[in-house]
Amino acid sequence: MAADKQNEAKVSPVDENKENLPDGGLGLEILQIIKESQQQHGLRHGDYQRYRGYCSRRLRRLRKTLGFKMGNRHKYIGKKVTVEILSDNRYLLLVLMEAERAWSYAMQLKQEANTEPRKRFHLLARLRKAAKHSEKLEKLCESPRVDAKTKLEAQAYTAYLSGMVEFELQEWKRAMEAFNKCKTIYEKLASAFTEELAVLYRQRVDEISPNIRYCAYNIGDQNAINDLMQMRLTGGGGGMMAEKLEALITQARTKQAATMSEVEWRGRTVPVKIDKARVFLLGLADNEAAIAQATNEETKEHLYETLLAECRDTIQAVREELKSEAKQRERSSDTDSGKVSNLQFLHSYLTYIKLCTLVKRNESMAQTLHAKLKETQSDENKRGPRPQDLIRLYDIILQSLAELSTLQGLEDDHTFQKEVSLKMLVYKAYRCFFIAQSYVLVKKWSEALVLYERVLKYAKEVQSKAKSLNNRLKDLPDIQELIAEVNAEKYSLQAAAILGENTDETAEVPSQQLVKDNMPLCDRLEAFRLDPSLVGKQPNLVQFPPDFQPIPCKPLFFDLALNHVTFPPLDEKVEQKGKGGLTGYIKGIFGFGS
């Protein structure tokens, strides 16, 4: 909050400059002010509560600056901004902030209404309040003191908020009229002013267009659904329209699902009695067409995730029905347990769709990474894709294909099993190819060459087995392209291996200039040697710890003459000491002899 207030203090003088016009009339850059305020105070992250707090604080500052206080702390005295007191453009800004505060509170309640439906009533009340303030702003702008541009922006702003109110009330015709009026005004303003302002006006037009098409569809224009689907592909209609668009598509499919009763797959017709499965199977072709038309990788990934989520929900619904069917069989003690039921076959079909979609999604990601892998990296510090990333994707693809071969009800379908095994061979070849490339990066030429030979072996197996199944495997990657790439890599690999051997051989020729041993620099100062380790992180300068060197030790002296020395006799001294006897001992005790 403290940081927000500091930002407000810095931004406010800039906004004041934008509100003044050089011709001396009262003017207000309405759309530019609200867009910059929204981006700087929470709406970049969808935080409407933070933006509402900003509007409240700015209103308080404006009232204090203009001396337009609503009484004091003890008593409220309401005041209205009228044309008579309209001497400063900040009075217009005051009304605009009141409308923005009510609108932001309504959008906050709209987020909370997903879990608390009763907040929708409060939401409608705040939207009406915002529209009321915008109408008040439009009336103030009718004054001759206000310039023409501000009048047009005020009309467009009022039409936008009025359209929002009618849109929430599901009054499609009136909402469409209001949005069309707003769109017309902003288009005229975009063509009349500078490019910087024109960008803002066009952005507002792009925001309004999904609402207009949605209203047209609800009024009865069936062509509008195609426009909405196209906007879904291009990523348009975000925010409030995203949820409504998904709900609209589901509603349209639900209406068509009433006519669908069965589906045919692998030569068997299966009745579809579950409504969720009908809706999903009806929308499957549309989803696949949307994925094929998507040009943006991010949009394509989003569509894949949406299709997989719908497929998982449908499989879960079928699985619940399977549980109840199993209980009924146990009660009726049905003996025909070997035959796969229609519901179980439908479950296998939906699982097949899910696994095939996973394979296509991972293959699309692998193709994107492969294209990036071929490109040269401009920024060396930035980590690019590696062959290991593609190996992981092909591992997931092979795992999905292994699950396909175990689907219940297709164990005896030999054609299906051949198709799956052939697909596994193709993706094994691609996986082996990228494993070989990972060995090339670490200069393990022999291992890489063996793996390239394995790729060619897989490719020949695919070519020999694909003759009878050629028409059914059109979606697989081109194996001929892989063979050509492997041959090119093999030749370059053999050349690199030969060059590596030659460089090793030529390195022995100038032996007087290359360091072959680990002799440190201090021991070869007299001769010039090429030692790349000297400029590395661990240069070989001295040997540490140093080796032990022999040194002369202290001599040892042995006394060999002792055996040949004759010592003087001490017998006389020993006898004299013994002659004293007891008398001498007594004298010694009492000290007489001393």
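The values are calculated or read from the model by the stated rules, or taken from the named source; none is laboratory data. Everything numeric in this text was worked out from a predicted model, so none of it was measured. As a convention, Cβ positions derive from the backbone with ideal geometry for all residues, glycine included, and neighbour counts pool all protein chains shown. These accessible areas exclude ligands, DNA and RNA; they are computed on the full protein's heavy atoms, side chains included. Shrake-Rupley method; radii C 1.70, N 1.55, O 1.52, S 1.80 Å.
Do the conditions hold for T415, that is, is it in a helix (DSSP H, G or I) and of a type outside the set (G, A, S)?
Yes, satisfied.
Identify all residues within the range 79-105 that are more than 14 Å from H133 (Cα to Cα) and open to solvent by less than 50 Å² (accessible area, probe 1.4 Å); write none if there are none.
L86, D88, N89
Return a yes/no flag: does the range 467-484 have any residue that is in a helix (DSSP H, G or I), open to solvent by less than 50 Å² (accessible area, probe 1.4 Å) and either β-branched (V, I, T) or at pLDDT 90 or above (or both).
Within the range 467-484 (the criterion being in a helix (DSSP H, G or I), open to solvent by less than 50 Å² (accessible area, probe 1.4 Å) and either β-branched (V, I, T) or at pLDDT 90 or above (or both)), the answer is yes, since at least one residue qualifies.
I'm told C141 meets every condition in (1) assigned by the TED database to the domain that holds G46; (2) within 39 Å of the chain's Cα centre (by Cα); (3) surrounded by 22 or more Cβ atoms within 10 Å (Cβ to Cβ); (4) not charged (D, E, K, R) except one. Can you identify the failing condition by its number?
Condition (2) is where C141 drops out.
Among the residues of the range 110-123, is any closer than 30 Å to L26 by Cα and either of a type outside the set (F, W, Y) or not in a helix (DSSP H, G or I) (or both)?
no
Looking at the range 494-502, is at least one residue open to solvent by 60 Å² or more (accessible area, probe 1.4 Å), within 30 Å of Y427 (Cβ to Cβ), out of contact with any Ser or Thr (no Cβ under 6 Å at 6 or more places or on another chain) and modelled with pLDDT of 75 or more?
Yes, there is a match, as at least one residue in the range 494-502 is open to solvent by 60 Å² or more (accessible area, probe 1.4 Å), within 30 Å of Y427 (Cβ to Cβ), out of contact with any Ser or Thr (no Cβ under 6 Å at 6 or more places or on another chain) and modelled with pLDDT of 75 or more.
Can you tell me which residues in the range 298-311 are loosely packed, with under 12 Cβ neighbours inside 10 Å and farther than 17 Å from L358 by Cβ?
E298
Look through E168, E207, E195, E187 and report the one residue that is within 38 Å of the chain's Cα centre (by Cα), open to solvent by less than 10 Å² (accessible area, probe 1.4 Å) and of a type in the set (D, E).
Selected residue: E168, the only one of E168, E207, E195, E187 that is within 38 Å of the chain's Cα centre (by Cα), open to solvent by less than 10 Å² (accessible area, probe 1.4 Å) and of a type in the set (D, E).
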